[in-house]
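Participant: Please see the structure below; I have some questions.
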Amino acid sequence: MSREKLRQLKIDLPLFPTTSVGSFPKPDYLLKARAEFAKHQITGQELEEVERQATEFWIRKQEELGVDVLVDGEMYRGDMVAYFAEKLPGFEEGGLVRSYGNRYYHKPIITGKVGWRGPVTVEWWKYTQGLTSRPVKGMLTGPYTLMDWSFNEHYPDRRATCLALAGVVRKEVEALLQAGAKIIQIDEPASSVRPEELPLMVEAMHAVTDGLGAYFISHLCYGAFETIYPGMLDLPVDNFDMEFSNSGLDMLDLFRKHRYTKDISFGVVDVHTHLVEEESVVAERLRRGLEVLPKEAVWVDPDCGLKTRTVDEAIGKMRALVSVAKAFRNQPAVHSA
Amino acid sequence: MELTLANHSSYPRIGDDAEEQLLRRTIAQRERGEKTDADVRAAEDSLAELAVGEQIDAGLDVVTDGLVRWYDPISHLAGKLGGVRIAGLLRFFDTNFYFRQPAVYAKIERTRPLVVEEFLFAQRKSSRPVKVVLTGPYTLARLSIEEEGRTNGGGGFNRLFDGYTAALAEEVAALVQAGATSIQIDEPSLARYPDDSPQVGRSLAALAARKGAAELTLAVYFGDASPLWDALQKLPVDVLSLDFTYSPGLLERVQKGSAKKLALGLVDGRNTKLEDAGAVAKQLERIGRASGLARASLTPSCGLEYLPRDRAGLKLRHLATIKKTFLGSVA
């Protein structure tokens, strides 16, 4: 159980720690500033000031709501892969491709050898951690997802691409650790796309995390996890952050068949609906999770990043999940596997 | 070997300039109550016409409407059927594209045409034959769930599969009635479950029975089709559309000959890198020489919606470059 690791890292968290996956919606004033920056009406420095203002807004909001492990909300990021591709040598920005429905993103193109010139996220992490006494997660996109969600015009195959990116991500992890980060989330939402490549993803994650003293979380979502479970438990991280609500808690059936052995950030609100769940709905999801999972292993959070919701919806969903987590903490007889 | 050029199925519905962003903009405006459904349909028409025009300009012999009206390959069809509601998001195979999963709660019924109007519009705008694309019953069933405790009486996968088959057979008949001469059934799930090819064969037979004189194509992609080769040859379709990017052994199998016409997906529809035209021409030459096929078509390996629009356009134009190289090498 990774509670011991958290203790070693001097991170004191209550039962059912609450957190969020990473992104929050950008407030209107930031959207306006980003549009102005795109039209060259404001400078990069002016945009960054607004991004800092929005980051502070979300830090204060998370504190006010009572969230235990905070995120910076990714006010300075667009897409989780494109953001890193813009900062790392070897990538070029590609055109728009569709993600779902009417949502699109710029899919990067690897056109040369990928590399790491210096920290990408560290200054933002330091700024955010400086705003709060609560732990703030360092948040990175994993090498397998960076590879899978980019076009490749340089490397001979997917394995060579993935392992080259693992070396780059490790350098960023080391820089975050040096800056003082203790909880680092490495997102791998592409993890189940090709089940036969799970060994490659595990190898790449070892290359990123081996020998480094942090509590590692990996966010996975919207995949065919039945194709990589229980093998995914070989991934060298402490906590899987997973979507449960949108998929009707179906992963729990897999956990019943083969015991789940890590900590888990349990997605109790659906980020793809405008509806803010009633607390009774959130509580029922958590209760069902605890039929299978030991309570000491369970963190509580949304299914995925909340950036596609409105500010009010995101706050409403976070408020509901924090309230339910607190209520469960105070129930001495919480049912647990 | 006579070579024709065809689009596989989808084409990007967004690009970098304002005209190419019309549909995205209009849908967002409708969500804010600033535009109507009719405005969105007009934007879809505009994008479909643009897609058809770009395919013709690229030199294709057979075009599609780019499927630009489709929310995704699953819910666009299943969502129009009775007995089906559309539920949460799931990843579409190994892409970074997500579809909404159909939840079947009652008997699946075709209560209205699915893509007939879309075909008629594209055909009006095209000087070339328009191929109609339908996601196949097997893939629809594989990617659907059956809601428990509803009035469909259970029955699991087979009931869903049979329901979708009956509905799509009616759609095939309606398309033929509307003048369609080329209909492609996309079954990417078949590559994942090759043992189910006899079931897929029965389903395709039901569709083939309603196709009249139209040419029926089965498209298998996003997986290795080479283990399926012998089974594919027995299926009741006229053309096999194959994705070579997942199948190192497929080229060898094809060279041994095919009882079916072939659509050769030798151009990677998932990566921006343009293939070496000479290398692809050599592959075509080998296929032509070894298989004895009199004709084949060259296509992307899958729909082009996974590429940025400018790169998708380059891929289509690259088909023409490859054909020119091929003709030069065999002349």
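Here is a yes/no grid of residues against (1) surrounded by fewer than 17 Cβ atoms within 10 Å (Cβ to Cβ); (2) more than 14 Å from chain B (Cβ to nearest Cβ):
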position	(1), (2)
A:Leu212	yes, yes
A:Ser218	no, yes
A:Tyr222	no, no
A:Thr227	yes, no
A:Asp234	yes, yes
A:Val237	no, yes
A:Gly248	yes, no
A:His258	yes, yes
A:Ile264	no, yes
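Participant: For the structure I just gave you, tell me whether A:Gly101 is small (Gly, Ala, Ser), over 22 Å from A:Asn239 (Cα atoms) and in contact with a helix residue (DSSP H, G or I) (Cβ under 9 Å, 6 or more places away or on another chain). Can you show your working first?
Facilitator: On the way: small (Gly, Ala, Ser): yes; over 22 Å from A:Asn239 (Cα atoms): yes; in contact with a helix residue (DSSP H, G or I) (Cβ under 9 Å, 6 or more places away or on another chain): yes.
Yes.
Participant: Just to check your reading of the model, which residue among B:Arg32, B:Arg69, B:Arg41 is away from chain A (no Cβ under 14 Å) and of a type outside the set (S, T, N, Q)?
Facilitator: Only one candidate qualifies: B:Arg41.
Participant: Related question: Look through A:Asp79, A:Asp72 and report the one residue that is open to solvent by less than 40 Å² (accessible area, probe 1.4 Å), closer than 17 Å to A:Leu306 by Cα and away from chain B (no Cβ under 14 Å).
Facilitator: A:Asp72
Participant: Tally time: how many residues in the range A:127-149 are open to solvent by less than 10 Å² (accessible area, probe 1.4 Å), among the charged types (D, E, K, R) and either closer than 27 Å to B:Phe93 by Cβ or at pLDDT below 95 (or both)?
Facilitator: Total meeting the criteria: 0.
Participant: OK, next. How many residues are at pLDDT below 95 and either in a helix (DSSP H, G or I) or on the phi > 0 side of the Ramachandran plot (or both) if we restrict to the range B:303-331?
Facilitator: Within the range B:303-331, residues that are at pLDDT below 95 and either in a helix (DSSP H, G or I) or on the phi > 0 side of the Ramachandran plot (or both) number 4.
Participant: Would you check if there is a residue in the range A:90-103 being more than 24 Å from A:Cys304 (Cβ to Cβ) and more than 14 Å from chain B (Cβ to nearest Cβ)?
Facilitator: Yes, there is a match, as at least one residue in the range A:90-103 is more than 24 Å from A:Cys304 (Cβ to Cβ) and more than 14 Å from chain B (Cβ to nearest Cβ).
Participant: What number of residues in the range A:119-142 are in contact (Cβ under 8 Å) with a residue 24 or more places away in the chain and in a loop (DSSP other than H, G, I, E, B)?
Facilitator: Our first condition is that a residue be in contact (Cβ under 8 Å) with a residue 24 or more places away in the chain; within the range A:119-142, this holds for A:119-122, A:124-129, A:131-132, A:134-142.
Next, only the ones that are in a loop (DSSP other than H, G, I, E, B) stay: A:119-121, A:131-132, A:134-135, A:137, A:142.
Final tally of qualifying residues: 9.
Participant: Mind listing just one residue for me: the one in the range A:195-208 that is crowded, with 23+ Cβ neighbours inside 10 Å and touching a helix residue (DSSP H, G or I) at 6+ places or on another chain (Cβ under 7 Å) and, of those, farthest from the other protein chains (Cβ to nearest Cβ)? Show your work before the answer.
Facilitator: Kept after step one, since they are crowded, with 23+ Cβ neighbours inside 10 Å, are these residues of the range A:195-208: A:201, A:204-205, A:208.
Then drop every residue that is not touching a helix residue (DSSP H, G or I) at 6+ places or on another chain (Cβ under 7 Å), which leaves A:201, A:204, A:208.
Working: A:Met201: 13, A:Ala204: 17, A:Val208: 21 Å.
Among those residues, the one meeting the criterion is A:Val208.
Participant: Moving to a separate point now. For the range A:305-327, enumerate the residues that are closer than 30 Å to A:Lys5 by Cβ and open to solvent by 30 Å² or more (accessible area, probe 1.4 Å).
Facilitator: Once the filter is applied, which keeps residues that are closer than 30 Å to A:Lys5 by Cβ and open to solvent by 30 Å² or more (accessible area, probe 1.4 Å), the range A:305-327 yields A:Lys307, A:Arg319, A:Ser323, A:Lys326, A:Ala327.
Participant: Does B:Ser182 fit the bill of being out of contact with any helix residue (DSSP H, G or I) (no Cβ under 9 Å at 6 or more places or on another chain) and surrounded by fewer than 24 Cβ atoms within 10 Å (Cβ to Cβ)? Talk me through it step by step, then tell me what you get.
Facilitator: Numbers: out of contact with any helix residue (DSSP H, G or I) (no Cβ under 9 Å at 6 or more places or on another chain): yes; surrounded by fewer than 24 Cβ atoms within 10 Å (Cβ to Cβ): yes.
For B:Ser182, the condition - out of contact with any helix residue (DSSP H, G or I) (no Cβ under 9 Å at 6 or more places or on another chain) and surrounded by fewer than 24 Cβ atoms within 10 Å (Cβ to Cβ) - is met.
Participant: Restricting the range B:102-121 to residues that are more than 23 Å from B:Ala178 (Cα to Cα) and open to solvent by 30 Å² or more (accessible area, probe 1.4 Å), which is nearest to the other protein chains (Cβ to nearest Cβ)?
Facilitator: It comes out as B:Tyr105.
Participant: Now, a different point. In the range B:78-100, which residues are within 14 Å of chain A (Cβ to nearest Cβ) and assigned to a strand (DSSP E or B)?
Facilitator: Passing the criteria: B:Arg85, B:Ile86, B:Ala87, B:Gly88, B:Leu89, B:Leu90, B:Arg91, B:Tyr98, B:Phe99, B:Arg100.
Participant: What number goes with the only condition from (1) closer than 30 Å to B:Ser46 by Cα; (2) within 14 Å of chain A (Cβ to nearest Cβ); (3) touching a residue at least 40 places away in the same chain (Cβ under 8 Å); (4) of a type in the set (Lys, Arg) that B:Arg128 does not pass?
Facilitator: Against the list (1) closer than 30 Å to B:Ser46 by Cα; (2) within 14 Å of chain A (Cβ to nearest Cβ); (3) touching a residue at least 40 places away in the same chain (Cβ under 8 Å); (4) of a type in the set (Lys, Arg), B:Arg128 comes up short only on (2).
Participant: Hey, another quick one. Can we say B:Ala169 is buried (at least 16 other Cβ atoms within 10 Å of the Cβ), at negative phi and among the small types (Gly, Ala, Ser)?
Facilitator: Criteria met by B:Ala169.
Participant: Now for a separate question. Wholly within the range B:101-193, which helices (runs of 4 or more DSSP H) include no fewer than the required count, namely at least 3 residues that are charged (D, E, K, R)?
Facilitator: Filter on the range B:101-193 gives B:116-125, B:156-177.
Participant: So A:Ser191 clears everything in (1) modelled with pLDDT of 95 or more; (2) closer than 18 Å to A:Val81 by Cβ except one condition, right? Which one?
Facilitator: So A:Ser191 meets the others, but not (1).
Participant: Out of everything in the range A:165-194 that is surrounded by fewer than 24 Cβ atoms within 10 Å (Cβ to Cβ) and within 14 Å of chain B (Cβ to nearest Cβ), what residue ends up being nearest to A:Asp210 (Cα to Cα)?
Facilitator: Selected residue: A:Ser192.
Participant: Going through the range B:281-314 one residue at a time, which ones are among the polar types (S, T, N, Q) and either surrounded by fewer than 21 Cβ atoms within 10 Å (Cβ to Cβ) or out of contact with any Gly (no Cβ under 9 Å at 6 or more places or on another chain) (or both)?
Facilitator: Passing the criteria: B:Gln283, B:Ser291, B:Ser297.
The values are calculated or read from the model by the stated rules, or taken from the named source; none is laboratory data. These numbers were taken from a predicted model, which means no experiment stands behind them. Because the Cβ atoms are built from the backbone with ideal geometry, glycine has one as well, and the counts that use them run over all protein chains shown. To get the accessible areas, we keep the full protein, side chains included, count just its heavy atoms, and leave off ligands, DNA and RNA. Shrake-Rupley method; radii C 1.70, N 1.55, O 1.52, S 1.80 Å.
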